[in-house]
Amino acid sequence: MMKDNYRFRVEFERVADRQVGRINCGTAVRLDEHALASCLFHRIPPRAADLLRIGMSVYSTDRLARRNRRHDLGGSRVMDLTIDVADPDFWSSEPTLCLVQDALELLSGDSWSLQFRTCPPTTDYLADQSTDGRFVCLYSGGLDSAAGLATRLRAAPMPALVLTTWHQQGQRRKVLDQLRCMAARYGADLRPVVVRTALVNPPELKAQELTQRCRSFLFAATAGAVACAEHAESIEVYESGVGAINLPLMHGMATGAYTTKSSHPRFMRVMGELVSQVAGHSVAFELPHRGRTKAQLVRTLAEDELTDLARSTVSCIHFPGRGRDKQCGYCCACIGRRQAMIEAGISEPMGTYEIDLFGGAVSDFGSTRLDYLKAMLLQVDRLAELSRRDMPEWFLRYALGTGVCESVAELPAWIGVLTRYREEWLRITAAGKSKGWNWATWLPSPCAA
């Protein structure tokens with residue numbers, strides 16, 4: 001198997017109120033670290049600040065090293081990266097370095113060689129052992145995170161530090177509006193921690209790697225820095241069980257660039273171990289909703305009169321790259337969103353999607369725009385095998401081989417959520433047949449739904 005080789009060096013310096021990493025290819029990555037430090041009262045320890053630098057460096061070079069699509073599933077890369085940090089001995093030690101490499105290789109499917117050089121800290125650190133007891137959670141502005149946070153607050157409206165990253169001004173406003181809405185609905189004290197990252201003088205978008213699989217590492221690393229500053233023992237990630245396990249849609253997609261593992265249980269465990277080493281105490285990345293489907297989470301928004309909030313979320317993997325303020329409607333994220341919204345009883349206005357697969361005939365949309373829908377229906381059909389007495393070999397191989405489960409005792413819980421997910425699809429396709437959705441006939445009718 002051929003691999004593309006890339007070599008980068010990222011040197012950090014302080015520029016006004018931002019941390020800037022100069023990349024040897026003429027591009028730079030910028031993170032508003034000082035706004036983050038100010039929000040957390042300058043309590044980010046030096047090693048946690050290093051974790052931010054590593055996250056920035058990985059995120060930026062991942063975007064700059066374009067995969068060769070002629071090689072296997074999207075092209076595998078060899079990434080050689082040198083990064084400025086305050087404590088190179090810590091990051092070069094075998095236990096810590098192996099955790100960083102494991103996390104990156106799991107996310108990207110690439111080989112990562114990391115070296116570290118000494119650089120003084122770029123932020124002031126005021127040691128403070130106090131904490132106000134807030135829990136830390138990640139928030140993307142997508143449907144899963146909105147429904148997940150609402151479900152969490154409904155059960156216990158505790159004060160929270162809600163970490164979000166943003167790129168466009170409109171995205172920031174939308175996320176803050178969503179958080180204000182939930183704070184008012186549940187009487188919760190939500191403190192947003194908004195972090196902005198950006199490439200400076202980047203190449204044209206067509207010359208960049210668009211999969212951006214390592215963006216999740218930056219998001220998790222930033223959450224880890226926040227947890228270190230707050231002395232938190234856990235970081236909550238709001239993803240449904242179906243999204244966390246993320247079964248490949250087709251044979252051969254279990255590895256490589258096309259399968260995202262941003263909330264994969266193994267990635268959560270590895271990041272928890274890494275942040276624990278950085279913090280000096282145990283920190284766990286938790287998936288509190290791993291036993292629920294997306295539709296079960298979204299139903300909270302419907303029941304608690306937060307349907308407008310649900311509609312304001314964005315799920316599309318293409319948004320806003322097509323130059324239109326619409327979600328595409330045919331990517332796997334849009335289809336999963338539509339399925340959950342319909343099952344939860346939340347309607348969406350006409351024109352929300354560029355293509356409405358749930359609005360009638362689909363024969364005029366073109367075959368390539370139906371690929372994900374076909375693959376998802378094939379997967380739903382295959383999930384029927386989970387109800388058999390003998391567990392299918394393909395599921396055992398994926399669940400145990402990729403680290404979804406650490407033991408066979410965990411398998412029944414995952415089978416339960418996937419079975420409920422299949423039942424939701426069967427109800428939708430049954431209703432779709434009566435509405436004239438011609439794709440609804442593609443899924444074979446079960447003997448009993």
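Observations on the model:
- Residue count for region 143-165, restricted to those that are crowded, with 19+ Cβ neighbours inside 10 Å and either aromatic (Phe, Trp, Tyr) or outside any helix (DSSP H, G or I) (or both): 6.
- Pick from region 170-202, criterion within 30 Å of Asp110 (Cβ to Cβ) and in contact with a Lys or Arg (Cβ under 9 Å, 6 or more places away or on another chain), ranking: surrounded by the most Cβ atoms within 10 Å (Cβ to Cβ): Thr197
- Index of the failed condition, Arg213 passing every other in (1) of a type outside the set (A, V, I, L, M, F, W, C); (2) buried (at least 20 other Cβ atoms within 10 Å of the Cβ); (3) more than 28 Å from Ser76 (Cβ to Cβ): (3)
- Condition met for Thr222 (in a helix (DSSP H, G or I) and closer than 29 Å to Arg269 by Cα): yes
- The residues on offer are Ala440, Ala413, Ala430, and the sole one that is more than 15 Å from Leu377 (Cα to Cα), small (Gly, Ala, Ser) and part of a helix (DSSP H, G or I) is Ala413.
- The single condition among (1) assigned to a helix (DSSP H, G or I); (2) surrounded by 14 or more Cβ atoms within 10 Å (Cβ to Cβ); (3) out of contact with any helix residue (DSSP H, G or I) (no Cβ under 6 Å at 6 or more places or on another chain) that Met391 does not meet is (1).
- Output for region 225-244, where each listed residue is among the hydrophobic types (A, V, I, L, M, F, W, C), buried (at least 24 other Cβ atoms within 10 Å of the Cβ) and within 13 Å of Phe267 (Cβ to Cβ): Ile235, Val237
- Taken together, the residues in region 26-55 that are at pLDDT 65 or above, within 13 Å of Ala225 (Cα to Cα) and not in a helix (DSSP H, G or I) amount to 4.
The values are calculated or read from the model by the stated rules, or taken from the named source; none is laboratory data. Being a predicted model, the structure only gives us computed values, none of them experimental. Counting neighbours? That spans all protein chains shown, and the Cβs are built from the backbone with ideal geometry, glycine included.
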